[in-house]
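The values are calculated or read from the model by the stated rules, or taken from the named source; none is laboratory data. Since the structure is predicted, the reported quantities are computational estimates derived from the model, not experimental observations. Here the Cβ positions follow ideal geometry from the backbone for every residue, glycine too, while neighbour counts run over all protein chains shown. To get the accessible areas, we keep the full protein, side chains included, count just its heavy atoms, and leave off ligands, DNA and RNA. Shrake-Rupley method; radii C 1.70, N 1.55, O 1.52, S 1.80 Å.
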Amino acid sequence: MVQVKRICCIGAGYVGGPTCSVIAQMCPDVTVTVVDVNEDRIQAWNSDSLPIFEPGLQEVVESCRGVNLFFSTDINTAIKDADLVFISVNTPTKTFGIGKGRAADLKYIEACARRIADVSSGCKIVVEKSTVPVRAAESIRRIFNANTKSSLNFQVLSNPEFLAEGTAISDLKNPDRVLIGGDETPEGQRAIEALRAIYEHWVPKSKIITTNTWSSELSKLAANAFLAQRISSINSISALCEVTGADVEEVAHAIGTDQRIGSRFLKASVGFGGSCFQKDVLNLVYLCEALNLPEVARYWQQVIEINDYQRRRFSSRIIGCLFNTVTDKKIAVLGFAFKKNTGDTRESSSIYISRYLMDEGARLHIYDPKVKSEQIIQDLSQPTLTHGDDPSRVSRLVTVSTDPYAACEDAHAIVICTEWDMFKELDYERIYKAMLKPAFIFDGRRILDDLHDQLQHIGFQVETIGKRVSKRSSFATSNDISNPDQLPPPKKTKV
């Protein structure tokens, strides 16, 4: 069996950094080098201020950095020295050309494959760690076959990650499963065993699943599609609950006790975000269309449509409750990350809700404990989100606050977009006294359920997802802006 003593990981992002840090900690006899073209990112990995926030990550990195864990921009040397190379680079959704808005852009994967082929010698195991479309391994293999010398031998494996941001370290140390896909040839099986041996340092053999390459690649897309589907399913029920007077939390609990369904991912909210769910579902939609499976494509496209609808519906509810206009009104947005315990804002529902409110002229004061102000401004300034010819719109309408109380002062409404625990512990009496009246709270994450009576006693008008809380007059009509169908769907998810 091939013995792996040196590992190179190309890509020092949310997947490569934490994954290889845990491998280094769990495999002290293996040298792990994480490389990236971004010098600032590598400097951050070598500092006391890591480039990403993840509970427990700092301790893992500090325990083995400089011992058997290294971060470097010397990509070629790391590839040459390695027995096994992880490809862990970004695979964004294409923004132009064939498959725009749905297909994965594999330009970084291809660039990695060509670089590995160019600088390598001897035998190498190359592992897809990035989320890729089915048969991407075949593309990598074709590049190797067309560019390798007689002294070279490559084996390509698929080893998708199943991390949840905010619990990534726990997920890596105690995974539900580790999936390894490879060729069914003797050489392919030896490569699988070599990677399996790395994980067996801490993962029970029964949790390591081996398949062919194609099954492994599709399993990653399918897993995220199923999780996203559950969120869209419960969010669709939340809309029904608000109309009928049911409580979506009670409905979710009732159906979640059925062992055939289970309780996880049945939390109604303003919609899913993050780097994977939307990208992978859209990738699956494109794959089905390309393979002439239009009915299957439409089925999975509806998961995205419901997510977009939930964001528009929540935004229109804010506008409707504020007397059908938010123009020049200060609104405090609490939370900008796509979920708690991370600083990642990719595809965060906060971005879309902020955009809808900005389109109506609202003045937003945004607070998040882990997202930097530069990131918030950058996300809201993206060309796909900014409308009109006024480049100063974001700077005019958005203020990033460093204190939640300052964000809420003189505000007409508070909008909770991220489920940070600290938002449950704020002094809401103090906040209410400093707000304009009537003062509204829009709980997009259902984190204040236990405080509803207290908040109403203080004087707040409370609105939440999937439940009627405050008795209110409807200022909306079927033709005004509070109708979610009047708000334009996000451009990047239109098919």
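When residues in region 427-468 are screened for being open to solvent by 60 Å² or more (accessible area, probe 1.4 Å) and of a type in the set (Lys, Arg), 4 of them pass. Please state which one of Thr345, Thr327 is open to solvent by 10 Å² or more (accessible area, probe 1.4 Å) and either of a type in the set (S, T, N, Q) or under 29 Å from Lys220 (Cβ atoms) (or both). Only one candidate qualifies: Thr327.
Cβ-Cβ distances below 8 Å connect the following pairs, each with a first residue in region 223-251 that is closer than 30 Å to Glu161 by Cβ, a second residue that is among the hydroxyl-bearing types (Ser, Thr, Tyr) and crowded, with 19+ Cβ neighbours inside 10 Å, and a separation of six or more residues or different chains: Asn224/Thr131; Ile231/Ser269; Asn235/Ser269.
So that you can scan it fast, the table gives a plain yes or no per residue for (1) under 29 Å from Ser315 (Cα atoms); (2) surrounded by fewer than 17 Cβ atoms within 10 Å (Cβ to Cβ); (3) modelled with pLDDT of 95 or more:
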| residue | (1), (2), (3) |
| --- | --- |
| Trp202 | no, yes, yes |
| Ser216 | no, no, no |
| Ala225 | yes, no, yes |
| Arg230 | yes, no, yes |
| Ala239 | yes, no, yes |
| Gln259 | no, yes, yes |
| Phe272 | yes, no, yes |
| Glu295 | no, yes, yes |
| Arg298 | yes, yes, yes |
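State yes or no: is Leu195 open to solvent by less than 60 Å² (accessible area, probe 1.4 Å), out of contact with any strand residue (DSSP E or B) (no Cβ under 9 Å at 6 or more places or on another chain), of a type outside the set (Lys, Arg) and at pLDDT 95 or above? When the stated conditions are applied, Leu195 does not pass them.
Lys220 fulfils the conditions (1) of a type outside the set (Ser, Thr, Tyr); (2) open to solvent by 30 Å² or more (accessible area, probe 1.4 Å); (3) in contact (Cβ under 8 Å) with a residue 24 or more places away in the chain; (4) within 25 Å of Asn341 (Cα to Cα) except for a single criterion, (2). Tallying residues that are farther than 27 Å from Ala297 by Cβ and β-branched (Val, Ile, Thr) within region 225-276 yields 6. Filtered by the rule that a residue be surrounded by fewer than 23 Cβ atoms within 10 Å (Cβ to Cβ) and not aliphatic (A, V, I, L, M), region 34-43 gives Asn38, Glu39, Asp40, Arg41, Gln43. Here Tyr286 clears all of (1) open to solvent by 40 Å² or more (accessible area, probe 1.4 Å); (2) at pLDDT 95 or above; (3) of a type in the set (Ser, Thr, Tyr) except the condition numbered (2). Evaluation of Thr210 against the conditions (1) modelled with pLDDT of 95 or more; (2) part of a helix (DSSP H, G or I) shows that the sole unmet condition is (2).
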